[in-house]
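Comments concern the structure below.
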Ligand code: C2E
Ligand code: MG
Ligand code: MG
Ligand code: MG
């Protein structure tokens, strides 16, 4: 539209755009303070073995309890953190906190009680100098073995170029495991699997949503194909966002060994997640 208007080729300044910019700047400032004041905390969503019902690991999911706004969703503030660069210190805190928590769980419940903690990592972190050293330092400080840590990255972040590739390769060589999050929603899934040292595929929730009575055949086909792909490439397949028994059954039949979702457990405070480690396997069948 700006092009068509000829010499007056200015983009119209929509009031909503200004609101968004103010909101972004405000939120970024508040987030900076919030991090300093300790307003962030982590919840942990259990990842279950769908065959045994046992707990496999936990995904750390950040929460922001804002003093005035109340609870702010990561869907809102993670993009703000990414654009402002705050994701680097925020992500560093998440990584250290999650690894410290896993070490504590293993000390209390035994190393076999929970195999891994999953930590989401933004592309900005992967691109920041010293990320590999930071991960190594956290592992050494917490005494975790590298394979206890699973870093979740999205397809869009790994297409970011050779620098990110080298970072991921170095992490993988260290023994840290890498998961492709929201798998199936990106642009170049298949070629990525050859170019990057991936260990885990996490099928995006949108495909799991397609599994229901009178199912959407297209999404069902993708879900099944991703499980096959994981099997052939000897990757772990995780389905996320399982909300009912039918989805669980069908995904397990397709070959998903692992799953997470509200049907089994929502993201939980660390203490509640720890209690699961002492408990019997969940009922999966
Ligand atoms: P994600 O990594 O794909 O995490 C899964 C999201 O799906 C989580 O939302 C989780 O609560 C939600 N979920 C899991 N099972 C179900 C289900 O059965 N039904 C429904 N409706 N939702 C389910 P959450 O915690 O709001 O996080 C949203 C996104 O924010 C995450 O998606 C991730 O991309 C980002 N995020 C969260 N914590 C961090 C973090 O520490 N660092 C970074 N970089 N990103 C984070
Ligand atoms: Mg994730
Ligand atoms: Mg995901
Ligand atoms: Mg997601």
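The values are calculated or read from the model by the stated rules, or taken from the named source; none is laboratory data. Every value quoted in this text rests on a predicted model; they were computed, and no experiment measured them. Heads up, the Cβs are rebuilt from the backbone with ideal geometry, glycines too, and the neighbour counts pull from every protein chain shown.
Would you check which residues across the stretch 161-188 are outside any loop (DSSP other than H, G, I, E, B) and under 16 Å from residue 238 (Cα atoms) and list them?
Hits for the stretch 161-188 are 177, 178, 179, 180, 181, 182, 183.
Just checking, does the stretch 174-197 include any residue being within 16 Å of ligand 3 (Cβ to nearest atom), without any contact (Cβ under 8 Å) to a residue 40 or more places away in the chain, buried (at least 17 other Cβ atoms within 10 Å of the Cβ) and under 22 Å from residue 97 (Cα atoms)? The answer is yes, given that some residue of the stretch 174-197 is within 16 Å of ligand 3 (Cβ to nearest atom), without any contact (Cβ under 8 Å) to a residue 40 or more places away in the chain, buried (at least 17 other Cβ atoms within 10 Å of the Cβ) and under 22 Å from residue 97 (Cα atoms). Would you confirm whether any residue within the stretch 170-182 is touching a helix residue (DSSP H, G or I) at 6+ places or on another chain (Cβ under 7 Å), farther than 18 Å from residue 257 by Cα and within 16 Å of ligand 4 (Cβ to nearest atom)? Looking through the stretch 170-182, none of the residues is touching a helix residue (DSSP H, G or I) at 6+ places or on another chain (Cβ under 7 Å), farther than 18 Å from residue 257 by Cα and within 16 Å of ligand 4 (Cβ to nearest atom).
Rundown of residues vs (1) more than 12 Å from ligand 1 (Cβ to nearest atom); (2) within 25 Å of residue 55 (Cβ to Cβ); (3) touching a residue at least 12 places away in the same chain (Cβ under 8 Å), yes/no style:
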| position | (1), (2), (3) |
| --- | --- |
| 156 | no, no, yes |
| 169 | yes, no, yes |
| 216 | yes, no, no |
| 219 | yes, no, yes |
| 229 | yes, no, yes |
| 254 | yes, yes, yes |
| 265 | no, yes, yes |
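Yes/no per residue for (1) touching a helix residue (DSSP H, G or I) at 6+ places or on another chain (Cβ under 6 Å); (2) over 22 Å from residue 177 (Cα atoms); (3) surrounded by 14 or more Cβ atoms within 10 Å (Cβ to Cβ):
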residue	(1), (2), (3)
59	no, no, yes
64	yes, yes, yes
72	no, yes, yes
107	no, no, no
110	no, no, no
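Examine the stretch 48-62 for a residue that is away from ligand 2 (no atom under 16 Å from the Cβ), modelled with pLDDT under 95, touching a strand residue (DSSP E or B) at 6+ places or on another chain (Cβ under 6 Å) and over 17 Å from residue 90 (Cα atoms), and state whether such a residue exists. Looking for residues that are away from ligand 2 (no atom under 16 Å from the Cβ), modelled with pLDDT under 95, touching a strand residue (DSSP E or B) at 6+ places or on another chain (Cβ under 6 Å) and over 17 Å from residue 90 (Cα atoms), one finds at least one in the stretch 48-62, hence yes. Total residues in the stretch 139-152 satisfying the condition of being within 14 Å of ligand 1 (Cβ to nearest atom) and either at pLDDT below 95 or farther than 19 Å from residue 182 by Cβ (or both): the figure is 1. On the basis of being at pLDDT 95 or above and touching a strand residue (DSSP E or B) at 6+ places or on another chain (Cβ under 8 Å), does residue 201 make the cut? Judged against the criteria, residue 201 is a match. Does residue 34 count as modelled with pLDDT of 80 or more, within 23 Å of the chain's Cα centre (by Cα) and exposed (fewer than 11 other Cβ atoms within 10 Å of the Cβ)? So residue 34 fails the test. Scanning the stretch 104-124 for residues that are touching a strand residue (DSSP E or B) at 6+ places or on another chain (Cβ under 9 Å) and either assigned to a helix (DSSP H, G or I) or within 9 Å of ligand 1 (Cβ to nearest atom) (or both) yields 105, 118, 119, 120, 121, 122, 123. Looking only at residues of the stretch 125-160 that are out of contact with any helix residue (DSSP H, G or I) (no Cβ under 7 Å at 6 or more places or on another chain), farther than 19 Å from residue 57 by Cα and part of a helix (DSSP H, G or I), we find that the one that is nearest to ligand 2 (Cβ to nearest atom) is 156. Determine, yes or no, whether residue 122 is within 16 Å of ligand 2 (Cβ to nearest atom), under 22 Å from residue 227 (Cα atoms) and touching a residue at least 24 places away in the same chain (Cβ under 8 Å). When the stated conditions are applied, residue 122 does not pass them.
Say whether the condition of being more than 24 Å from residue 147 (Cβ to Cβ), touching a strand residue (DSSP E or B) at 6+ places or on another chain (Cβ under 9 Å) and within 16 Å of ligand 2 (Cβ to nearest atom) is met by at least one residue in the stretch 209-226. No. Output the residues belonging to the stretch 67-92 that are more than 15 Å from ligand 4 (Cβ to nearest atom), closer than 15 Å to residue 39 by Cβ and under 15 Å from the mean Cα position of the chain (by Cα). The answer is 90, and nothing else.
Quick check: anything in the stretch 274-285 surrounded by 21 or more Cβ atoms within 10 Å (Cβ to Cβ) and within 16 Å of ligand 3 (Cβ to nearest atom)? So far as the stretch 274-285 goes, no, none of its residues is surrounded by 21 or more Cβ atoms within 10 Å (Cβ to Cβ) and within 16 Å of ligand 3 (Cβ to nearest atom).
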